[in-house]
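A.B. asks: Questions regarding the structure given below will be posed in turn.
Each value in this text was obtained by applying a stated rule to the coordinates, not by laboratory testing. Predicted model only: the values in this text are computed from it and were never measured. So basically every Cβ, Gly included, is an ideal-geometry build from the backbone, and we count neighbours across all protein chains shown.
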Amino acid sequence: MDDARDCAYADFVRERSHALLRSAFLLTGDQHLAEDLVQEALARTHRAWSRLEKPSNAEAYARKVMYHAQVSLWRRPKVAESLPGDDLERHGGSTDDPAEAAVRRVTLHRALLSLSPKQRAVIVLRYFEDHTEVEAAQMLGVSVSTVKTQCGRALDKLRTLVPDLRVLADVHEAGR
């Protein structure tokens, strides 16, 4: 019986680690911190494996562990960090030039890093993973109004740091 559980857990890790790492990177903004977050989530999931009703619940459990671990970081003392985004108009806006595309990615990455961990978590849940406000609030263990407030503040900050973000979104939508 233990061998079957171990095999099921190993399969889960092989199949879902990349997706968990991608979400963790968006939450933390740092590859190494993301790897640590996933490792912590997988370790806790392994400890809870026998309590999970079915293996299909494992990913939801691991994601919830990641979000809760990230929330605990919100309570730590904050260190001010300023990473203003570059103005995309200066680089010609939207183009097929790989160098300019890289500049846009770096600019957006810097803007996302300027968000607080709470704001980044809400943005990831709402726009990357497409969760509702209620689902995001449940996953993060906060109220729906907190999710709405943090999301609004994050979007306002992103619009300030990357004014062409709306233009890029419109171009992206037109290209679909």
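A.B. asks: Between region 99-134 and region 1-53, what is the separation of their alpha carbon centroids in Å?
C.D. replies: So the separation of the two Cα centres works out to 22 Å.
A.B. asks: Let's test the formula: R0 of 30 Å, r as the Cβ-Cβ distance of PHE128 and ALA4. What FRET efficiency results, to the nearest 0.05?
C.D. replies: 0.35
A.B. asks: Evaluate the distance, in nm, between pseudo-label points positioned 7 Å from the Cα of THR149 and of VAL13 along their respective Cα→Cβ axes.
C.D. replies: Each label point lies 7 Å from its Cα, and together they span 4.0 nm.
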